[in-house]
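The values are calculated or read from the model by the stated rules, or taken from the named source; none is laboratory data. Just so we're clear, the structure is a prediction, and the values are computed from it rather than from any experiment. Positions of Cβ are backbone-derived with ideal geometry, glycine not excepted, and every protein chain shown enters the neighbour counts.
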Amino acid sequence: MPDSAQLFLDSLWPIVRGGLMGTIPLALASFAIGLVLALVVALMRLSNNWFVSWVARAYISVIRGTPLLVQLFVIFYGLPSLGILIDPWPSAIVAFSLNVGGYAAEVIRAAILSVPKGQWEAGYTIGMSHAQSLRRLILPQAARVSVPPLSNTFISLVKDTSLASMILVTELFKESQKIAAFTQEFMLLYLQAALVYWVFCLVLSMAQSALETRLDRYVAH
């Protein structure tokens, strides 16, 4: 077997393992935290209190207006100058969660606004408070609308986790970098990493389609 083919086979599992043990858990944890943050920020944006709404707008503007890599560096390399030391993994989770929160907040806000105002009125009519109407009527409907864009956000996050290698987090791309540095087969190993990312994202896209199909059953046409 040619050396390149053997190297491809030998390095495949370490890279896939890096994805399963590093990339996917990092993406899941960051996305879960980011979604909670996004919901809070979205509700702040919709608040009638101008200061609360302004804070949410400022946060979204900063997150969407600065590169993710810079955000990672500020948290991991910048905060220590202020006496705040955070390990690589928590730093990555904080940065990715904040980034997801900034982007997903607008998705959730738009989904909430897409629910007809009559749904609010229906909730009030049967004696629900604003919070109860939001929780029981509005958010479930908004969730169905937001699934496609939020799924795309998660898939993008899986790819963006490759930036975590820049702050010493061992994940899929970091594993390929280690092997490439040892073997000097940079093209082969980086293409292999790209292939694994593509397969991961393909599987996630299939899961997204299945979820959308399932949710579509509950939507009136």
query: How many residues are without any contact (Cβ under 8 Å) to a residue 40 or more places away in the chain, assigned to a helix (DSSP H, G or I) and either closer than 19 Å to residue 107 by Cβ or under 17 Å from the mean Cα position of the chain (by Cα) (or both) if we restrict to region 65-85?
result: 3
- prompt: Here are some conditions: (1) surrounded by 19 or more Cβ atoms within 10 Å (Cβ to Cβ); (2) of a type outside the set (A, V, I, L, M, F, W, C); (3) outside any helix (DSSP H, G or I). Residue 170 meets all but one. Which one does it not meet?
  reply: (1)
- request: Inspect region 133-141 for any residue being out of contact with any helix residue (DSSP H, G or I) (no Cβ under 9 Å at 6 or more places or on another chain) and on the phi > 0 side of the Ramachandran plot and give the result as yes or no.
  value: no
- prompt: Among the residues of region 162-171, is there at least one that is farther than 30 Å from residue 87 by Cβ and hydroxyl-bearing (Ser, Thr, Tyr)?
  reply: no
query: residue 54 versus (1) more than 25 Å from residue 175 (Cα to Cα); (2) modelled with pLDDT of 95 or more; (3) within 23 Å of the chain's Cα centre (by Cα): which is the lone unmet condition?
result: (3)
message: Take the residues in region 191-221 that are surrounded by 13 or more Cβ atoms within 10 Å (Cβ to Cβ) and among the polar types (S, T, N, Q); name whichever of them is modelled with the highest pLDDT.
response: 192
- prompt: Which of (1) in contact (Cβ under 8 Å) with a residue 40 or more places away in the chain; (2) crowded, with 17+ Cβ neighbours inside 10 Å does residue 62 not meet, given it meets every other one?
  reply: (2)
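Here is a yes/no grid of residues against (1) at pLDDT 90 or above; (2) among the polar types (S, T, N, Q); (3) over 30 Å from residue 90 (Cβ atoms):
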{"site": "113", "(1), (2), (3)": "no, no, yes"}
{"site": "122", "(1), (2), (3)": "no, no, yes"}
{"site": "144", "(1), (2), (3)": "no, no, yes"}
{"site": "161", "(1), (2), (3)": "yes, yes, no"}
{"site": "182", "(1), (2), (3)": "yes, no, no"}
{"site": "189", "(1), (2), (3)": "yes, no, no"}
query: Under the condition of being buried (at least 17 other Cβ atoms within 10 Å of the Cβ) and out of contact with any Leu (no Cβ under 9 Å at 6 or more places or on another chain), which residue from region 34-44 is nearest to residue 169 (Cα to Cα)?
result: 41
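Rundown of residues vs (1) in contact with an Asp or Glu (Cβ under 9 Å, 6 or more places away or on another chain); (2) part of a helix (DSSP H, G or I); (3) aliphatic (A, V, I, L, M), yes/no style:
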{"site": "121", "(1), (2), (3)": "no, yes, no"}
{"site": "127", "(1), (2), (3)": "no, no, no"}
{"site": "143", "(1), (2), (3)": "no, yes, yes"}
{"site": "150", "(1), (2), (3)": "no, yes, yes"}
{"site": "157", "(1), (2), (3)": "no, yes, yes"}
{"site": "165", "(1), (2), (3)": "yes, yes, no"}
- request: Name the single residue, out of those in region 136-167 being of a type in the set (Gly, Ala, Ser) and surrounded by fewer than 17 Cβ atoms within 10 Å (Cβ to Cβ), that is farthest from the chain's Cα centre (by Cα).
  value: 143
- prompt: When region 7-35 is examined, which residues are found to be free of Cβ contacts under 8 Å to residues at least 12 places away in the same chain and farther than 15 Å from residue 176 by Cα?
  reply: 25, 28, 32
query: Do the conditions hold for residue 20, that is, is it in a loop (DSSP other than H, G, I, E, B) and at pLDDT below 95?
result: no
